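What follows is calculated from the coordinates using simple rules that are stated; it is not laboratory data. Everything numeric here is computed off the predicted structure, so don't read it as measured data. Cβ sites come from the backbone with ideal geometry, for glycine too, and all protein chains shown count toward neighbours.
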Amino acid sequence: MQKIFDEVNSLDKRCYEKFLLSEDLLMEHAASSIASYIRENHSSCKSILIVCGSGNNGADGITLARLLHKKFDVKLYLASNPKSSMTQLQFQRVEALKIEIINELFEADIIVDCLFGTGLNKPLDEKSTNLINTLNSYNSFKIACDIPSGINNLGQVQSVAFEADITITMGALKTSLFSDVSKDYVGKIIVADLGVEREVYEVESNKFLLDESDMNLPFRNKKNSHKGSFGHLNVVAGCKKGAGIIAANAAFNFGSGLVSVVCHENLDLPYHLMQTHFISENCTAIAIGMGLGKYETDEIRKILNKNVSKIIDADLFYDELICEVLNQEIVLTPHPKEFCSLLKLCKIADIKVEELQNNRFLYVPMFSKKYPKVTLLLKGANVIISKNEKLFVNSFGSAVLSKGGSGDVLSGLIGSLLAQGYDCLDSVITASLAHTMAAKNYDKNNYSLLPTDLIEEIRKL
Ligand SMILES: NC(=O)C1=CN([C@@H]2O[C@H](COP(=O)(O)OP(=O)(O)OC[C@H]3O[C@@H](n4cnc5c(N)ncnc54)[C@H](OP(=O)(O)O)[C@@H]3O)[C@@H](O)[C@H]2O)[C@@H](O)CC1
Ligand SMILES: [K+]
């Protein structure tokens with residue numbers, strides 16, 4: 001996993017003070033990284049348009065123009081006059097080289113967006129909005145320097161933002177790149193070193209971006225085993241029984257030794273799933289909430305108080321009953337609307353979905369601070385997983401998963417790992433990664449995924 005930071009200004013300052021690196025040197029490395037990327041990946045391209053603002057993001061762009069001058073046909077567009085001292089210094093250097101400054105935008109082979117970086121501190125004015133809209137309308141290959149212009153430090157986009165194919169971000173990953181809204185703008189993200197290795201530049205952090213290698217699948221290493229060695233998950237089915245059955249199916253395919261669907265009515269289940277009317281004596285984990293609908297409160301309360309691992313989803317986020325179990329080591333997997341209800345029920349905030357989506361990295365830690373034993377997975381374009389003081393982002397998700405039933409598969413995967421003895425956080429991290437990797441590997445068109453397809457891909461991981 002890789003560290004993520006809410007801000008990097010203090011890390012830049014640490015470089016000046018601790019390693020005696022100058023701002024000029026850091027900037028040279030920032031621009032050099034973009035230049036190397038272009039030389040290595042787009043050597044046959046001819047024209048490069050670099051669009052610069054008045055601050056140091058613009059200065060990165062002006063520096064880049066100097067580095068690529070002559071090897072490519074580089075044109076600089078200055079959206080406003082150089083303001084910061086570094087912009088002015090870099091500008092004097094390109095003036096000395098007689099690099100062409102243009103007043104009209106054009107559809108170059110590559111566009112590099114150096115309009116605003118971490119210094120965006122107010123809404124875009126009409127001129128900047130129009131400029132970004134024009135750049136977005138071009139078919140050029142688009143590179144964002146540090147962060148696509150228009151995304152602020154909280155990961156919010158007020159009107160428009162540059163739609164990058166790749167974002168080359170300076171020094172370290174920033175939280176703002178992983179808001180849900182940012183997902184449509186950042187493209188692929190790579191980190192550029194600023195004169196020291198990344199591990200030297202970075203300090204401690206409690207936020208992490210998950211990598212594929214963080215997925216710890218439940219492969220069976222012991223030869224001397226039996227079905228009881230891999231746990232027994234009970235999935236409580238409610239009114240919409242399909243949800244529970246999907247979850248149970250996913251769980252069985254993900255390695256749980258036994259999976260039973262708990263339902264008072266007799267169900268017609270696939271042969272590998274068992275049915276029980278009440279929670280099984282030997283159950284090692286419970287999945288509850290999906291498709292639950294109307295239910296007998298006392299019976300659910302009894303289930304929630306069973307001393308086994310639990311994953312809770314969906315309808316229970318609308319019931320005060322949930323507040324009774326938040327001091328337990330449990331897993332909760334709400335989508336944004338359900339999380340808003342949960343925040344209200346536990347008196348943290350009374351907010352609309354839009355407010356949550358604009359501030360996911362604010363409300364998730366608030367919840368975890370109040371309920372440090374709960375492992376929370378907030379669904380979204382970038383899934384956030386949080387436990388106590390630590391927060392993890394899974395950015396592998398895609399629109400393929402935006403379907404009914406995907407969440408039920410996820411609940412089943414988490415329940416399966418809980419039943420097999422994983423702790424809450426490990427279950428959620430591995431299940432979430434497996435869920436998104438399976439969707440990534442699905443090779444039919446991106447609107448057609450069925451829960452059964454997803455489960456089939458899980459089998460191949
Ligand atoms: N520090 C370092 O060592 C390194 C820094 N690096 C680079 O520096 C970048 C940060 O630079 P930065 O702090 O100068 O901010 P930046 O993003 O260029 O914007 C500030 C300018 O924009 C203006 N402005 C803001 N909002 C606006 C709006 N809505 N509409 C219009 N104008 C607006 C604002 O105006 P003002 O607020 O002053 O009126 C100011 O002039 C960082 O992202 C990275 O790329 C790297 O080279 C690595 C080494
Ligand atoms: K930018």
Query raised in the report: What are the GluC sites (Glu not before Pro) within the range 1-105 that DSSP puts in a loop, where the Cβ has at most 13 other Cβ atoms within 10 Å?
Result: Glu7, Glu104
Query raised in the report: Scattering from the C-alpha atoms of the chain alone, worked out with Debye: what is log10 I(q)/I(0) at q = 0.08, 0.09, 0.12, 0.13 1/Å?
Result: -0.54, -0.66, -0.99, -1.09
**Report entry** Computed [θ] at 222 nm, helices only, for the chain once each DSSP H run of length n ≥ 4 contributes -39500 (n - 2.57)
**Finding:** -11000 deg cm²/dmol
Query raised in the report: Which links in Lys207/Lys294; Lys122/Lys207; Lys18/Lys379; Lys188/Lys373 stretch past 32 Å when you go from one Cα to the other?
Result: Lys207/Lys294; Lys18/Lys379; Lys188/Lys373
Requested in this report: Provide the percentage of antiparallel DSSP beta bridges, counting only those with both residues in the range 2-205; round to the nearest 5.
Outcome: 5 percent
Report summary line: FRET efficiency (Arg14, Asp268; Cβ distance; R0 51 Å; to 0.05) is 0.20
Query raised in the report: ³J(HN,Hα) across the range 453-459 via Karplus (A = 6.51, B = -1.76, C = 1.60, θ = phi - 60°), whole Hz, x for Gly/Pro?
Result: 5, 4, 5, 4, 5, 4, 5
Query raised in the report: Tally Lys and Arg at +1 and Asp and Glu at -1 over the other residues with C-beta under 12 Å from the C-beta of Leu449: what net charge comes out?
Result: -1
Report summary line: For the range 66-182, the Debye formula with one identical point scatterer on each Cα and no solvent gives log10 I(q)/I(0) at q = 0.14, 0.18 Å⁻¹ as -0.62, -1.03
Report summary line: Percent antiparallel among DSSP beta bridges confined to the chain, rounded to 5, stands at 20 percent
Query raised in the report: If you stretched the chain out fully between Ile190 and Asp426, how much longer would it get, using 0.36 nm times the residue separation minus the C-alpha to C-alpha distance?
Result: 82.3 nm
Query - Long-range amide H partners of Ile151 with built H, under 5 Å - result: Phe162
Report summary line: 1/(1 + (r/R0)^6) with r = Cβ-Cβ of Leu450 and His277, R0 = 41 Å, i.e. FRET efficiency to nearest 0.05, evaluates to 0.90
Query raised in the report: If you look at just the Cα atoms of the range 213-459, how large are its Rg and its Dmax in Å?
Result: 16.8, 52
Query raised in the report: Taking other Cβ within 10 Å of each residue's Cβ, how do Thr175, Thr167, Thr333 sort, fewest first?
Result: Thr175, Thr167, Thr333
Report task. Per residue of the range 355-371, in order, report the coupling 6.51 cos²θ - 1.76 cosθ + 1.60 (Karplus, θ = phi - 60°) as ³J(HN,Hα) in whole Hz, putting x for Gly and Pro. Result -> 5, 4, 5, 6, 9, 4, 7, 9, 6, 4, x, 4, 5, 5, 5, 6, 10
Query - Gap separating the Cα centres of the range 64-84 and the range 175-252, nearest whole Å - result: 41 Å
Report summary line: Scalar couplings 3J(HN,Hα) for the range 134-143 by Karplus 6.51 cos²θ - 1.76 cosθ + 1.60 (θ = phi - 60°), nearest whole Hz, x for Gly and Pro, are 5, 4, 5, 6, 7, 8, 5, 6, 10, 10
Report task. Of the listed pairs Lys240/Lys310; Lys174/Lys460; Lys46/Lys98; Lys241/Lys444; Lys337/Lys403, which have alpha-carbon separations greater than 22 Å here? Result -> Lys174/Lys460; Lys241/Lys444
**Report entry** Exposed trypsin sites (Lys or Arg not before Pro) absent - longest run of the chain, DSSP non-H/G/I/E/B, at most 11 other C-beta within 10 Å
**Finding:** 99-219
Query raised in the report: In the range 165-262, what GluC sites (Glu not before Pro) fall in a loop by DSSP, with at most 12 other Cβ atoms inside 10 Å?
Result: Glu197, Glu204
Report task. Scan around Lys174 for amide H atoms under 5 Å from its own, H built in the peptide plane at 1.01 Å from N, and keep only partners 5 or more places away or cross-chain. Result -> Phe5
Query raised in the report: How high is the FRET efficiency from Thr297 to Ser398, r the C-beta distance, R0 56 Å, rounded to 0.05?
Result: 0.90
Report summary line: Quick numbers on the range 2-205, Rg and Dmax over C-alpha atoms in Å, give 15.6, 44
Query raised in the report: Under a point-charge model restricted to the Cβ atoms of Lys and Arg (+1) and Asp and Glu (-1), what is the dipole moment magnitude of the chain relative to its Cα centre, in debye to the nearest 20?
Result: 560 debye
**Report entry** Separation of the Asn216 and Asn41 label points, Cα + 7 Å toward Cβ, nm
**Finding:** 3.2 nm
Requested in this report: Collect residues whose amide H, placed 1.01 Å from N in the peptide plane, falls under 5 Å from the amide H of Ala285; neighbours closer than 5 in sequence don't count.
Outcome: His232, Asn234
